[in-house]
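Undergrad: Sharing a structure below in structure tokens format, with a few things to ask.
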Amino acid sequence: DAGVTQSPTHLIKTRGQHVTLRCSPISGHKSVSWYQQVLGQGPQFIFQYYEKEERGRGNFPDRFSARQFPNYSSELNVNALLLGDSALYLCASSPGTSGGYQETQYFGPGTRLLVL
Amino acid sequence: EDQVTQSPEALRLQEGESSSLNCSYTVSGLRGLFWYRQDPGKGPEFLFTLYSAGEEKEKERLKATLTKKESFLHITAPKPEDSATYLCAVQTGGYQKVTFGTGTKLQVIP
């Protein structure tokens, strides 16, 4: 079975631009979460989506937004990119049978974003 | 605010030299504690989930344990392929916000 997939794998943007990152969860998983991982740090929670609704949001500015589609895939959008947005963006999925409560998350390979 | 602290930051072992990694946490209402392995430039790979104090889980050379304040990842007779960053994370609250530590970078030398 395919795991969590993310696209693109790498991306280079300039300051002020907009970026869209995509994620397909494990088949049958209904919950998707997004994380930002800066080099040398642990992943930081950005969003959780369950059944197309936002269930949780981390301490990130409104430039960050996301959505989940009927097939449970998800997009993360970042507007007005800053140099500090350069990071590995990780998507994780879980079954969602309990809304994500006490569920293990499985991560994708990530999208490496470089902002120049 | 939930806090997760991992120690040591880096660990260098000879092949076959057993050791333990520590994850201490300060949270209100632990729902689950997770261990992941991460190779450079890749996403975290799931290892273990622990839910309550006293719980233990094993997989090959790895064993994870949980108390009310900390978790240990014991590595028995490590091999060079065990070299990676090991991440600890905790889930609290009713949704899936997971707070990660900064990781322990393990290097196993042949």
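The values are calculated or read from the model by the stated rules, or taken from the named source; none is laboratory data. Computed from a predicted structure; not experimentally measured. Note that we place each Cβ from the backbone using ideal geometry, even for glycine, and neighbour counts take in every protein chain shown. With ligands, DNA and RNA removed, areas are computed over all heavy atoms of the protein, side chains included. Shrake-Rupley method; radii C 1.70, N 1.55, O 1.52, S 1.80 Å.
Undergrad: Around A:ARG55, which amide H atoms from residues at least 5 apart in sequence, or from another chain, sit under 5 Å from its own amide H, with H modelled in the peptide plane?
TA: Residues meeting the criterion, in which the H sits 1.01 Å from N, are A:GLN48, A:TYR49, A:TYR50.
Undergrad: In Å², nearest 100, what accessible area do chains B and A bury in total when the solvent probe is 1.4 Å?
TA: 1900
Undergrad: Looking only at trypsin sites (Lys or Arg not before Pro) in DSSP loops with at most 14 other Cβ atoms within 10 Å, what is the longest site-free stretch of chain B?
TA: Between exposed loop sites, the widest span is B:1-60.
Undergrad: Quick one: grab Rg to one decimal and Dmax as a whole number for chain A, Cα atoms only, in Å.
TA: 13.4, 41
Undergrad: Quick check: from the Cα gyration tensor, does segment B:32-110 come out rounded (a/c under 1.5), prolate or oblate?
TA: oblate
Undergrad: Under the definition of partner shielding as Cβ atoms of other protein chains within 10 Å of a residue Cβ, what is the mean value for peptide B:34-44?
TA: For peptide B:34-44, the averaged partner shielding equals 5.
Undergrad: Peptide A:104-112: average number of partner chain Cβ atoms within 10 Å per residue?
TA: Mean number of neighbouring Cβ atoms from other chains: 5.
Undergrad: Measuring with a 1.4 Å probe in the full set of protein chains, what accessible area per residue, in whole Å², belongs to the protein assembly as shown?
TA: Dividing the accessible area of the protein assembly as shown by its residue count gives 48 Å².
Undergrad: While we're on this one: Across peptide A:30-42, what mean number of C-beta atoms from other chains lies inside 10 Å of a residue's C-beta?
TA: For this peptide, the per-residue mean of nearby foreign Cβ atoms is 3.
Undergrad: Now a separate question. Just check the protein assembly as shown against the gyration tensor rule for me: Cα atoms, a ≥ b ≥ c as the square roots of the eigenvalues, rounded for a/c under 1.5, and otherwise prolate or oblate depending on whether a/b exceeds b/c.
TA: Prolate shape, in that a/c is at least 1.5 and a/b is the bigger ratio.
Undergrad: Still on this model: Quantify, in whole percent, the carbon and sulfur part of the accessible surface of segment A:15-116 (1.4 Å probe; protein heavy atoms only).
TA: Carbon and sulfur atoms account for 49 percent of the accessible area of segment A:15-116.
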